[in-house]
Amino acid sequence: MEWLNIGRYALIGVAVSFVMLYINKAASKPVAENAEGQRVLEVNKLYLVIGWLGIAMGVGSLLLMVFMWEPGIEVPAIISTLLFGGSGYMMLLYYRNHKVVFDEERVTVVGWTGKRFSVKWEEINDIKFNSLSGYIKLYGLGEKANIHFQIMGIKSFLDMMEAKTNWRAKDLRIPFR
């Protein structure tokens, strides 16, 4: 029985490692300019898949509660429905909404809630990186925007950031160079 548990945890570790490798590889690829001369960074499609899986697990928990009713099952079923379904829904919103559009003059960030932040490169007051959340935080014009460092093409953004501002990815300790 002990070996079975060790095997499960090893399999989970390998699966998570491959997912992270895939996401980081896609994030480090450069993004080509579109017809307007802009580069558009979007969230990896894996977020869409994981979001739908989370929603399916949440609905499955709810269906288990309904069809396999036993006293005391309602609290764990509701908690797992909210946990999996809610996180799946947030992942779908993240996939659908989060974008970064930039060119030589301006950067526009659309957050997972749909809130838009647009600023010229020279109007950026500060840039910070939070290694725990994975967000690159841009501050300018009294507002802030968060860019996740695993968004596809972040390497292109970091190159432009270094060319247009005084901040360097290495100094901010952003894991892509």
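The values are calculated or read from the model by the stated rules, or taken from the named source; none is laboratory data. As the structure is a computational prediction, the values presented were derived from the model and not from experiment. We place every Cβ from the backbone using ideal geometry, glycine too, and count neighbours over all the protein chains shown.
Is there a residue in segment 159-172 that is in contact with a Phe, Trp or Tyr (Cβ under 8 Å, 6 or more places away or on another chain), surrounded by 15 or more Cβ atoms within 10 Å (Cβ to Cβ) and under 22 Å from M91 (Cβ atoms)? No. Flag not set for W69, criterion: within 18 Å of Q150 (Cα to Cα) and assigned to a loop (DSSP other than H, G, I, E, B). Tell me, please, whether a residue that is at positive phi and either modelled with pLDDT under 95 or in contact with a strand residue (DSSP E or B) (Cβ under 9 Å, 6 or more places away or on another chain) (or both) can be found in segment 115-127. The answer is no, given that none of the residues of segment 115-127 is at positive phi and either modelled with pLDDT under 95 or in contact with a strand residue (DSSP E or B) (Cβ under 9 Å, 6 or more places away or on another chain) (or both). Condition check for M65 on (1) under 22 Å from A163 (Cβ atoms); (2) touching an Asp or Glu at 6+ places or on another chain (Cβ under 7 Å): one failure, at (1).
I'd like to know if segment 86-108 contains one or more residues that are under 25 Å from L46 (Cβ atoms), in the same structural domain as M20 (by TED's automatic domain parsing) and of a type in the set (G, A, S). The answer is no, given that none of the residues of segment 86-108 is under 25 Å from L46 (Cβ atoms), in the same structural domain as M20 (by TED's automatic domain parsing) and of a type in the set (G, A, S). Only a single criterion out of (1) basic (K, R); (2) under 20 Å from the mean Cα position of the chain (by Cα); (3) exposed (fewer than 12 other Cβ atoms within 10 Å of the Cβ) is not satisfied by R39, namely (3). Once segment 142-158 is narrowed to residues that are over 24 Å from V19 (Cα atoms) and in contact (Cβ under 8 Å) with a residue 12 or more places away in the chain, the residue that is surrounded by the fewest Cβ atoms within 10 Å (Cβ to Cβ) is E143.
Would you check if W3 is in contact with a Gly (Cβ under 9 Å, 6 or more places away or on another chain), aromatic (F, W, Y) and in a helix (DSSP H, G or I)? Criteria not met by W3. The residues listed here are L53, L4; of these, the one that is closer than 30 Å to I73 by Cα and at pLDDT 80 or above is L53. With respect to the stated conditions, R39 is at pLDDT 85 or above, at negative phi and basic (K, R).
Go through segment 19-36 and give me each residue that's outside any loop (DSSP other than H, G, I, E, B) and crowded, with 16+ Cβ neighbours inside 10 Å. Matches in segment 19-36: I23, A26, A27, S28.
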